[in-house]
Amino acid sequence: GILALWLGTGFYRVDAGEQGVELLFGKWTGEVSGPGLHYRLPSPIGDVETPNVEQVRRLDIGFRGAGDDPRRTPQRSAVPQEGLMLTADQNIADLKFSVFWKIRNAGEFLFNIRAPEQTVRIAAESAMREVVGRTQFEPLLTAERQQVEQLTLSLLQSILDEYEAGLTIQNIQLLAVEPPPPVIDAFNEVQRARQDKERLENQAEAYRNRIVPTARGEASRIVQDANAYRERVTKEAEG
């Protein structure tokens with residue numbers, strides 16, 4: 001009876017959104033079970049881990065403390081050693097971004113990598129540095145932000161797949177891209193100067209578009225008046 005009761009403790013349930021990782025003497029057997037009722041050898045011979053594989057986890061890189069609200073300004077808790085990166089045109093950009101990931105294979109997640117969150121953080125920072133290193137500073141601020149996110153996601157996923165980490169990267173979100181704090185005032189001054197330059201160029205172009213047609217019309221009128229005068233004088237002389 002005691003043996004039967006002991007064997008009966010080997011049944012276990014895997015809930016929805018979880019994966020069961022069966023262990024034999026503490027070693028992963030290579031089996032991953034889905035939701036439902038399953039059996040493994042009772043403890044202490046066998047054991048099971050059931051991590052949640054549907055939960056989307058978030059890692060903040062370049063800052064701390066924004067929680068789940070991306071609208072919060074992360075500058076107050078900046079982490080410069082993570083966020084400062086060199087662009088393709090030798091400028092320094094201060095990036096703050098978040099990585100959203102979840103478990104794809106619970107067995108690989110638990111036994112193929114140590115300190116999964118730290119692994120994701122280091123790999124994400126490395127992938128972002130590589131992509132930013134191939135991107136000019138100005139496009140990084142404006143037009144190519146989404147492209148940088150996608151390239152970083154693909155590169156990070158390939159790194160984790162090479163590690164057999166059992167993770168899926170859901171999204172990478174760039175929250176802030178700006179110059180480093182010591183030079184941000186000078187950078188803003190340059191941006192304002194460029195905006196003033198563009199404004200003056202637009203005003204000059206508008207003035208040109210207004211004056212040139214008027215001058216051409218006036219010139220055409222003068223030529224027509226001169227032709228008419230010539231014709232009149234010529235006719236009078238002939239008469």
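Taking 0.36 nm per residue of sequence separation and subtracting the Cα-Cα distance, how much length would be gained by fully extending the chain between ALA215 and ASN112, in nm to one decimal? Don't skip to the end; give the middle numbers.
Working: separation 103, 0.36 × 103 = 37.08 nm, distance 7.75 nm.
Once the chain is fully extended between ALA215 and ASN112, it gains 29.3 nm.
Of all accessible surface on the stretch 140-239 at a 1.4 Å probe, what whole percent is carbon and sulfur? Each step should come with its number before you reach the end.
On the way: 3700 of 7140 Å².
Carbon and sulfur: 52 percent of the exposed surface of the stretch 140-239.
Report, to the nearest 10°, how far helix 184-238 tilts away from the longest principal axis of the Cα atoms in the chain, using its own Cα long axis and a range of 0 to 90°.
So the helix axis and the longest Cα principal axis differ by about 30 degrees.
Length gain on complete extension for the stretch GLN195 to ARG64, per 0.36 nm per residue less the alpha carbon to alpha carbon distance?
Numbers: separation 131, 0.36 × 131 = 47.16 nm, distance 3.29 nm.
Roughly 43.9 nm would be gained on extension.
Using a Gaussian network model of the chain whose springs link C-alpha atoms within less than 10 Å, name the residue from ALA206, ALA88, ALA143 with the highest mean-square fluctuation.
Ranking ALA206, ALA88, ALA143 by mean-square fluctuation puts ALA206 first.
Between GLU31 and residues 5 or more places away or on another chain, which pairs have amide H atoms under 5 Å apart, with H built 1.01 Å from N, and which residues are they?
Here GLU22 satisfy the definition.
List the trypsin sites (Lys or Arg not before Pro) in the stretch 108-144 that DSSP assigns to loop (not H, G, I, E or B) and whose Cβ has at most 12 other Cβ atoms within 10 Å. Which are they?
Here the sparse-neighbourhood loop sites are ARG114, ARG134.
Report, in whole Å, the centroid distance computed from the Cα atoms of the stretch 132-147 and the stretch 204-218.
38
Residue by residue through the stretch 122-130, what is 3J(HN,Hα) from phi via Karplus (6.51 cos²θ - 1.76 cosθ + 1.60, θ = phi - 60°)? Round to whole Hz and write x for glycine and proline.
Listing the rounded values in order: 5, 5, 5, 4, 5, 5, 5, 4, 5 Hz.
Select one label from (1) 43; (2) 56; (3) 65: the one whose number is percent of Cα pairs over 24 Å apart as derived from the coordinates shown.
Evaluating percent of Cα pairs over 24 Å apart on these atoms matches (3).
What does the accessible area of ARG210 come to, in Å² to the nearest 10, when a probe of 1.4 Å is used?
140
I'd like the chymotrypsin sites (Phe, Trp or Tyr not before Pro) in the stretch 5-38 restricted to DSSP loop residues with at most 11 other Cβ atoms within 10 Å, sorted by number.
Working: sites: TRP6, PHE11, TYR12, PHE25, TRP28; in loops: PHE25.
Loop-located and lightly packed - PHE25.
If I model a spin label at GLN147 and ARG134 as a point 7 Å from the Cα along the Cα→Cβ vector, what separation in nanometres do I get?
1.1
If you take the charge dipole of the chain about its Cα centre, with +1 on Lys and Arg Cβ and -1 on Asp and Glu Cβ, which of ALA193, ILE92, ILE45 is farthest toward its positive end?
Selected residue: ALA193.
Can you pull the accessible area of LYS235 for me, 1.4 Å probe, Å² to the nearest 10?
Using a 1.4 Å probe on the heavy atoms, I get roughly 130 Å².
What does a probe at ASN52 reach in the stretch 12-33, counting residues whose amide N is under 13 Å from the point 7 Å along Cα→Cβ?
So the set is 15-19.
So how tilted is helix 145-163 from the main axis of the chain? Cα-based, degrees 0 to 90, rounded to 10.
30
Starting from 0.36 nm per residue, how many nanometres of slack lie between SER77 and THR234 once their C-alpha separation is accounted for? Don't skip to the answer; put the middle values down first.
Numbers: separation 157, 0.36 × 157 = 56.52 nm, distance 8.80 nm.
The SER77-THR234 span can extend by a further 47.7 nm.
The values are calculated or read from the model by the stated rules, or taken from the named source; none is laboratory data. The shown structure was predicted, so the numbers you read here are calculated from the model rather than taken from an experiment. Here the Cβ is made from the backbone with ideal geometry for all residues, glycine too, and neighbour counts use every protein chain on show. Please note that ligands, DNA and RNA were not included when accessible areas were found on the heavy atoms of the full protein model with its side chains. Shrake-Rupley method; radii C 1.70, N 1.55, O 1.52, S 1.80 Å.
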